[in-house]
Amino acid sequence: VREKVGVSARSSKAAALRDRCKQALGHHFASVYAYLRRVRSQEAASIDEAGVQRALHELVGQDKALLQGCFLTDQLVFQEMMLTDMSGVVDLAEHSMLEPLNGYIALDPELNWTDVNSFFRSPGAAYAGHTVALPLIAKVWCHVED
């Protein structure tokens, strides 16, 4: 039950972020969201981040407030993808189809689990107090203002 509440809370956070994105981008939101959703659904290794930034500039121009809205929308897409990906974990857990990985992690000398950012260790990899998934890649797009 606690995990379902967690999913609900994350869903509410995503809804609030979506509202902020719509407010920040106005009529640009739909095109920016669709573009980012499409590009972020690709294999991470094939994404050209400089190309993503160029495409966003083409969609919204050089206005810094709109570019900040693009950054927020990228966070929204990431949250939604994490929410979608992790919602299947609840179903697997309810059918006893998850194996805790904590013991394997402790035994692997090559895996420095504490070096993985806590955001990707906790909500993205844990269920019912056990590690049940390992993040393969984590890319975060940042907007840097001059």
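Bear in mind that the values in this text are calculations on the coordinates, not laboratory data. These numbers come from a predicted model, not from an experiment.
Counted residue by residue at 0.36 nm each, then reduced by the alpha carbon distance between them, the extension gain from A16 to R37 reaches 5.8 nm. Full extension of the chain segment joining H27 with Y104 gains 22.9 nm, where the gain is 0.36 nm per residue of separation less the Cα-Cα distance. Shown here are the Rg and Dmax of the Cα trace of the range 10-81, at 11.7, 31 Å. Amide H contacts of T131: L101, N102, each under 5 Å away and 5 or more positions distant or on a separate chain (H built 1.01 Å from N in the peptide plane; Pro and chain starts excluded).
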